[in-house]
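Before any comments, here is the structure.
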Amino acid sequence: MTPTAVESRSPRIWSWLRGLSMHAIIWVVGAAIVVPLLYGLVSGFKDTSELSSNPFGPPRHWVTENYTDLLQSGAFWRQIANSTGIALATALVTVAASAMAAYVFARFAFRGREVVFTLFTIGLMFPFAVAILPLFIMLRTFGLLENPLGVVLPQAAFGLPMTIIILRGFFRNVPGELEEAAIIDGCSAFGFFWRILLPMARPALATVTVLAIVTSWNNFFLPLLVFTEPDWWTIPVGVQQFKGQYAEDTARILAYVVLAMAPALAFYTVAERQLIGGLTAGATKG
Amino acid sequence: MTVSVRKSPPGSDAAAPPARQRRVRAGRRRLRERATIVGFLLPALALFAALVLVPILFALYTSLFRWGGFGWPDDFVGLENFVKLFKDEVFLGDLWRGFVLIALSVVVQLPFALAMAVLLNQNLRGRAFYRLLFFAPYVLSEVITGVLFTMIFAPDSGLADHIMDLIGLGDLGITWFASSDTVLITLFLVMTWKYFGFHMILYLAGLQSIPKDVLEAAAIDGAGPWQRFRHVTLPLLGPTIRISVFLSVIGAIQLFDLVWVTTAGGPVHASETMAVTMFQFGFKRYQVGYASAISVVMFLISFVFALFYQRYVLRRDLEGAVTSMRGRR
């Protein structure tokens, strides 16, 4: 074999090996992510007694009651509806208030602007948990317990900093000539904001809306405190209560977990671009 | 980039109105502009002040009282709550456990996320799918994740024990959440499962903003893959890494949901965090003044850390972060 032949073949082998080992690592990590989810899904079709005798295999006989009982129960759908309503309301309030504020921060020069803006950015550093105790006492004082507004408004308030920062960055990049042209054509400040800026900012608005929805959907601490009555429970509160109620029936709890995960995962596959775009933008800007 | 609001009126000088009239018109415009500013800022400002700033100030105030949470606090005790707090072994343990979780994140989770980002930044088949998959746990709530893993790590019957048996490690008898020796590590495993994808996504965005020609230039100068990573990629990724460390720390300070549904802080406080202790005192034992003091300490830690970080670590990144954002649009 001539040296040139060795040289020309070995890089191909090496790159093939390299590709294989990279894929091997990725498959192991991928399995670590998928297996718990799959375990939940499959176990939901088993009897709890079968979980320890047959942990890995498919169910010996498929038990569908775990899922169908839940899907037929009003409580589960009620929680889905509550989570959805609260998430949409939160997103609406957050984005509306933030867009207006971001417009002012991006396109007006006035004394104290940076101070007020900094005040909002400081809000980024406050963990929700810091304010939850006084927040709860305030909500109780104003009679907002057992009331969805008691969850929607604080969630919106804590969503403001990130949303304002992202939208302000976007609004700033809209060319100034556009605004001048609109004003010359007799557009008021609000007209420019409503008819030109917001339609142009649709991608950014989609991003922050998705962020607000996901954050609200996953919130647990606040709804746990505000809603003691099951009528308003959201999905995370419901899952936790269900776990307490059916402590021994593992398969049933896993079925609930899987059903509770489904909407979030479905939403993720649809809104993945906005979600990831928003998170990276928020992180690099904040 | 800000557009000045004082726009010169078109074609102003030729048929200029008398000075007085012009001044009146300018004044009216300024008034209208001020009304716009106030009107547009008001909703956000009111929400933020009422539901973020006031609660934090309220916590500061009530932390100085012995107070059960009903009526107006009137039993002023000065800093007694804080003195008590820093003698409380559970709370000191919270601080230690928070530190351990942060250290584990920075030393294990973030490097792992970075490694996966570098892998997925290669020209691999199916990398878009893997990225989607690795990030997926992030969109699940901590509660759902927590309940799922409580079942998986259930002693004897859970999936984790079966896997340990399968690979011949069953004799180690690891009891996961149930033992105070392993509970923190188990918690950290679940946190990594849920959050490494998020950091990976941040790193991927950072990696993609590194110009290709810089790496090519290094390669032409004879730098091997490791050298290119160590001396080109890593420094250029600095801003992203620092942000991701920052987010890890803030996340660890407020960790509640995951702990609450998996262990509620047990066994015997072995996995308790500041937020859990605060919850216990504030909502179960009605020592609201004392719980407020915990809130205040959490606030001060995040505040001081953020200020310090902003001042000494993030400041030099600001320029780069802003320009890289603009490049992506």
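The values are calculated or read from the model by the stated rules, or taken from the named source; none is laboratory data. Small disclaimer: the values here were computed from a predicted structure and weren't measured. We place every Cβ from the backbone using ideal geometry, glycine too, and count neighbours over all the protein chains shown.
Before we move on, is A:T234 over 21 Å from A:L92 (Cβ atoms) and either out of contact with any Phe, Trp or Tyr (no Cβ under 7 Å at 6 or more places or on another chain) or more than 9 Å from every other protein chain (Cβ to nearest Cβ) (or both)? No, not satisfied. Among the residues of the stretch B:74-105, those identified as modelled with pLDDT of 90 or more and in contact with a Leu (Cβ under 8 Å, 6 or more places away or on another chain) are B:F86, B:F91, B:R97, B:G98, B:V100, B:L101.
The set of residues in the stretch A:90-114 that are assigned to a helix (DSSP H, G or I), more than 9 Å from chain B (Cβ to nearest Cβ) and farther than 19 Å from A:A157 by Cβ contains only A:E114.
Yes or no: B:I243 farther than 25 Å from B:T273 by Cα and of a type in the set (V, I, T)? When the stated conditions are applied, B:I243 does not pass them. Whenever a residue of the stretch A:27-50 is in a helix (DSSP H, G or I), its partners that are among the charged types (D, E, K, R), lying with C-beta atoms within less than 9 angstrom and at least six residues away or across chains, give the pairs A:S43/A:E50; A:T48/A:E248; A:T48/A:D249; A:T48/A:R252; A:E50/A:R60.
If you check A:V257 against the conditions, is it surrounded by 21 or more Cβ atoms within 10 Å (Cβ to Cβ), assigned by TED's automatic domain parsing to the domain that holds A:L145 and either not in a helix (DSSP H, G or I) or not charged (D, E, K, R) (or both)?
Here the answer is yes, as A:V257 does meet what is asked.
Taking A:T280 as the residue in question, decide whether it is buried (at least 17 other Cβ atoms within 10 Å of the Cβ), in contact (Cβ under 8 Å) with a residue 24 or more places away in the chain and at the interface with chain B (Cβ under 7 Å from one of its Cβ atoms). Lay out the reasoning, then the answer.
Values: buried (at least 17 other Cβ atoms within 10 Å of the Cβ): yes; in contact (Cβ under 8 Å) with a residue 24 or more places away in the chain: no; at the interface with chain B (Cβ under 7 Å from one of its Cβ atoms): yes.
When the stated conditions are applied, A:T280 does not pass them.
Residues that are surrounded by 20 or more Cβ atoms within 10 Å (Cβ to Cβ) number at least 3 in the following helices (runs of 4 or more DSSP H) confined to the stretch B:211-271: B:234-253, B:257-262. Tallying residues that are of a type outside the set (S, T, N, Q) and without any contact (Cβ under 8 Å) to a residue 24 or more places away in the chain within the stretch A:132-164 yields 9. Filter the stretch A:14-62 down to residues that are more than 7 Å from every other protein chain (Cβ to nearest Cβ), more than 17 Å from B:I152 (Cα to Cα) and modelled with pLDDT of 90 or more and give me whichever is surrounded by the most Cβ atoms within 10 Å (Cβ to Cβ). Only one residue fits best here, namely A:W27.
Output the residues belonging to the stretch B:165-183 that are assigned to a helix (DSSP H, G or I), in contact with a helix residue (DSSP H, G or I) (Cβ under 8 Å, 6 or more places away or on another chain) and either among the β-branched types (V, I, T) or surrounded by fewer than 18 Cβ atoms within 10 Å (Cβ to Cβ) (or both). Quick ask: steps written out before the conclusion?
As a first pass, look at the stretch B:165-183 and keep what is assigned to a helix (DSSP H, G or I): B:165-166, B:170-172, B:176-178, B:183.
This time we only want the ones that are in contact with a helix residue (DSSP H, G or I) (Cβ under 8 Å, 6 or more places away or on another chain), so: B:170, B:172, B:176-177, B:183.
Passing the criteria: B:G170, B:L172, B:V183.
Per the listing A:I137, A:I80, the residue uniquely surrounded by 16 or more Cβ atoms within 10 Å (Cβ to Cβ) and more than 7 Å from chain B (Cβ to nearest Cβ) is A:I80. Suppose we filter A:L133, A:L144 for residues that are in contact with a Gly (Cβ under 8 Å, 6 or more places away or on another chain), part of a loop (DSSP other than H, G, I, E, B) and closer than 30 Å to B:Y286 by Cα; which single one remains? That would be A:L144, the only listed residue that is in contact with a Gly (Cβ under 8 Å, 6 or more places away or on another chain), part of a loop (DSSP other than H, G, I, E, B) and closer than 30 Å to B:Y286 by Cα. Of all residues in the stretch B:120-132, none satisfies being among the basic types (K, R) and under 29 Å from B:V276 (Cβ atoms).
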